[in-house]
Amino acid sequence: MEKHDSKYESIEKTLSAIGKATFVQFYYEFKDTTIFTEELAQKILLNKPRAKSSNQNFRIPRARHIFEKGKELEALQIIMESTNVDLASKRLAKEIYDKETSHKEIFEDDEEDFKDGVNREILYSSESNSYEYDNTPKPSKKKTVIASNTYVRSKKVAKNALSKAGFVCEVCSSHPLFKRKNSNINYTEPHHLVPLCASNRFSEIDLDREQNVVSLCSNCHNHLHYGADIDDILKPLYNMRKILLEKIGINITYEELKKYYE
Ligand SMILES: [Zn+2]
Ligand SMILES: [Zn+2]
């Protein structure tokens with residue numbers, strides 16, 4: 001039975017009691033309730049020889065409490081965004097989070113979720129922030145369209161494209177930018193030059209490719225989507241990417257491209 005214990009008040013507090021690093025390191029063992037507490041306590045102790053054996057007594061029920069309440073994804077997110085946990089644990093938390101949510105990827109149509117996802121990809125992915133184009137044309141992913149105007153986008157592709165651009169605005173590298181939260185990396189937004197809604201025309205070709213994703217400052221991005229007189233922004237981007245797009249089978253004139261922005 002659940003005791004009345006202030007440590008259960010919030011996930012934050014519960015996590016601090018467990019130890020954030022311990023929570024991710026033994027995530028699957030905490031999750032698997034067929035593993036006996038004593039057995040798991042031994043295992044944790046072996047990995048953390050300086051931990052007191054009595055510590056495990058409160059760690060394990062607390063960790064399992066998070067799973068009972070179905071708060072494990074929230075807990076992983078807290079760890080990824082925490083400032084008092086080591087980078088290796090953050091990366092592990094992200095890996096686990098990605099695995100646990102991979103089957104949900106297709107429903108990820110919320111813009112804020114996507115931006116948060118790209119942010120985590122940039123900050124906590126163990127892969128380095130350098131990327132070289134893969135110029136093999138790829139067939140379109142069949143399930144591109146989920147709802148009438150929602151498309152599957154890869155966070156990894158977005159991250160690769162932003163890092164390839166050096167995290168500056170590709171319209172002009174001197175456009176003002178700010179840093180990402182908890183990071184030294186500039187905040188720029190990924191934008192599909194040939195929009196994913198053009199998938200009908202390019203039904204055989206994957207449009208969610210790094211060659212088709214540009215890095216933009218917030219202002220240019222909003223200008224492109226919602227502003228008038230976009231030629232000064234769209235034209236240089238088109239000229240810059242035209243050949244790269246052709247390499248992966250996306251052939252489009254400027255006039256045709258501009259139609260998608262009207
Ligand atoms: Zn956009
Ligand atoms: Zn800009």
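We did not get these values from a lab; they are worked out from the coordinates using the rules stated. Note that the structure is a prediction, hence the values are computed from the model and not measured. Virtual Cβ from ideal backbone geometry, glycine too; neighbours counted across all protein chains shown.
Can you put 178, 202 in order of Cβ neighbours within 10 angstrom, beginning with the fewest?
178, 202
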Three-way shape call for the chain based on the alpha-carbon gyration tensor, with the a/c threshold at 1.5: prolate
Out-of-range pairs (alpha-carbon distance over 28 Å; input 156/235; 71/181; 31/159; 48/94; 71/115; 179/258): 31/159; 179/258
Along the stretch 59-71, Karplus-curve 3J(HN,Hα) (6.51, -1.76, 1.60; θ = phi - 60°) to the nearest Hz, with x for Gly and Pro, reads 4, 5, x, 5, 4, 5, 4, 4, 5, 4, 7, x, 9
Can you tell me the mean projection area, over all orientations, of the convex hull of the stretch 6-105's alpha carbons? Units nm², please. 6.5
Averaged over all viewing directions, the convex hull of the alpha carbons in the stretch 110-259 casts a projected area in nm² of 8.9
Check: the stretch 6-105 dipole with +1 on Lys, Arg Cβ and -1 on Asp, Glu Cβ, in debye: 360
Check the straight Cα-Cα distances from residue 259 and name the aspartates and glutamates below 18 Å, setting aside those fewer than 8 residues away within the same chain. 229, 231, 232
With a 10 Å Cβ neighbour count serving as the proxy for reagent exposure, in which order, fewest first, do 206, 116, 231 appear? 231, 116, 206
The answer for residue 152, listing residues at least 5 apart or on another chain whose modeled amide H is closer than 5 Å to its amide H, is 146
When the chain is fully extended, how far beyond the present Cα-Cα distance does residue 115 get from residue 73, taking 0.36 nm per residue of separation? 13.4 nm
Phi to ³J(HN,Hα) by Karplus 6.51 cos²θ - 1.76 cosθ + 1.60 over the stretch 18-33, Hz, x for Gly, Pro: 6, x, 4, 4, 5, 4, 6, 4, 10, 3, 6, 6, 5, 5, 7, 6
Can you spot the aspartates and glutamates whose alpha carbon is less than 12 Å from residue 13's alpha carbon? Ignore those fewer than 8 places along the same chain. 5
Amide H to amide H, which residues 5 or more places from residue 205 or on other chains are under 5 Å from it, using H placed in the peptide plane? 140
Counting sequence-distant residues (5 or more places) and residues on other chains, those with an amide H built under 5 Å from that of residue 186 are 180
For the pair residue 172/residue 87, report the inter-label distance in nm, with labels modelled 7 Å from Cα in the Cβ direction. 3.4
For the stretch 122-132, take each phi angle, set θ = phi - 60°, evaluate the Karplus expression 6.51 cos²θ - 1.76 cosθ + 1.60, and give the result in whole Hz per residue in order, putting x for glycine and proline. 5, 7, 10, 5, 6, 6, 6, 7, 9, 8, 10
For the stretch 134-253, with the dipole built from +1 on Lys and Arg beta-carbon atoms and -1 on Asp and Glu ones, taken about the Cα centre, which of 230, 135, 249 lies farthest toward the positive end? 135
Any idea what angle helix 87-101 forms with the longest principal axis of the chain, computed on alpha-carbon atoms, 0 to 90 degrees, nearest 10? 80
Dipole size in debye (nearest 20) for the chain around its Cα centre, Lys and Arg Cβ +1, Asp and Glu Cβ -1? 840
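Sorted from fewest to most neighbouring beta carbons within 10 Å, what does the list 189, 246 look like?
Ascending number of Cβ neighbours within 10 Å: 246, 189.
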